[in-house]
1. Could you list all residues from region 57-73 that are small (Gly, Ala, Ser) and at pLDDT below 90?
2. Would you say ALA27 is touching a Ser or Thr at 6+ places or on another chain (Cβ under 9 Å) and farther than 22 Å from ARG97 by Cβ?
3. Can you name the residue in region 168-212 that is surrounded by fewer than 16 Cβ atoms within 10 Å (Cβ to Cβ) and of a type in the set (S, T, N, Q) and, of all such residues, is modelled with the lowest pLDDT?
4. Sort out which residues of region 16-35 are within 19 Å of the chain's Cα centre (by Cα) and at pLDDT 80 or above, and write them in order of number.
5. Being free of Cβ contacts under 8 Å to residues at least 40 places away in the same chain, out of contact with any Asp or Glu (no Cβ under 7 Å at 6 or more places or on another chain) and more than 21 Å from PHE220 (Cβ to Cβ) narrows it down to one of THR54, THR30, THR47, so name that one.
6. Search region 30-50 for residues being buried (at least 18 other Cβ atoms within 10 Å of the Cβ) and either in contact with a Lys or Arg (Cβ under 7 Å, 6 or more places away or on another chain) or acidic (Asp, Glu) (or both), and hand back the single one that is farthest from ASN242 (Cα to Cα).
7. Going through region 130-149 one residue at a time, which ones are part of a strand (DSSP E or B) and exposed (fewer than 12 other Cβ atoms within 10 Å of the Cβ)?
8. Somewhere in region 1-20, is a residue among the polar types (S, T, N, Q) and farther than 30 Å from ALA145 by Cα?
Amino acid sequence: MAHVAAHQDQSEAERTHFLYIQHADLASRTGKTIRCREITDTRIAPTANGYSQTPLKLDGQMLVKGKLVPYTLASKPPTTGKDAEDPMDLDLVENMRDNLIHEKSKDGIGTGLFPLTSKIQQEYNFTLIGQERVNGRDTFHIAFAPKDKSDYSWKGDAYIDTTAYQPVVVRTRMSRQIPFAVRTLLGTSLPNLGFSVIYAPQTYTVEDGQKAEVWFPVDFGTEFKLHVLFFINRNITLNVQNRDFERTHVASKIMPVPAPQP
């Protein structure tokens, strides 16, 4: 795991030199009925302080008076006035997207969901299960769980490339269920909450013409139920693809300092 942490730290540093398109499909449903769905394209680009996110496209649908009303970046659905529909689902979808994938991180997904970097590894125990072939690569199958068994965090399985020491697939679920007393008093429950992410190497050409690669999460998804305040029941689905990777190029030129004039 020390090798994995070192390679993850290196990959995080290398990702700061890439921009890419993040395609996300996030929906809130009751049963099979879509209440709000947003399909977005966002350009993720490195900055001096982290990452900038530029919305490129939004295809949205919101349930209004029993009908799905389309909307875009330029036109939001009616949430006030005589055509008002409960705006909770719109807020829910947008907040979920911001918290899970638009949080500032080098992965393009929320930080802390996958405990493989050197900093986060310190809080987890890891167990080698064996070796398996996953997505065409030989991997170590490793189970992980928080050291503090009372912690509400993530546990799951990571499949680590045996040569590159990079994650190929990571799946997580809650390490503990929300206590029954809390669910009863607050009416809040998140059954089956968990995430799955697929990583893949992206090849690029360095300055001397040689080929190099950096590993990126290319597919990220979750599906879970959300029960809040006893009467709000939603099925949340999220699928994200990172694509169109491009390494940034910075050209600089040293200019001679002119000699001082007499």
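1. GLY66, the sole residue that qualifies.
2. When the stated conditions are applied, ALA27 does not pass them.
3. THR184
4. Matches in region 16-35: HIS17, PHE18, LEU19, TYR20, ILE21, GLN22, HIS23, ALA24, ASP25, LEU26, ALA27, SER28.
5. Criteria check complete, one pass: THR47.
6. Restricting to residues being buried (at least 18 other Cβ atoms within 10 Å of the Cβ) and either in contact with a Lys or Arg (Cβ under 7 Å, 6 or more places away or on another chain) or acidic (Asp, Glu) (or both), the top hit is ARG35.
7. Correct list: GLY130, ARG133.
8. No, there is no match, as no residue in region 1-20 is among the polar types (S, T, N, Q) and farther than 30 Å from ALA145 by Cα.
The values are calculated or read from the model by the stated rules, or taken from the named source; none is laboratory data. Keep in mind that what you see is a predicted model, and the values were worked out from it rather than measured. Counting neighbours? That spans all protein chains shown, and the Cβs are built from the backbone with ideal geometry, glycine included.
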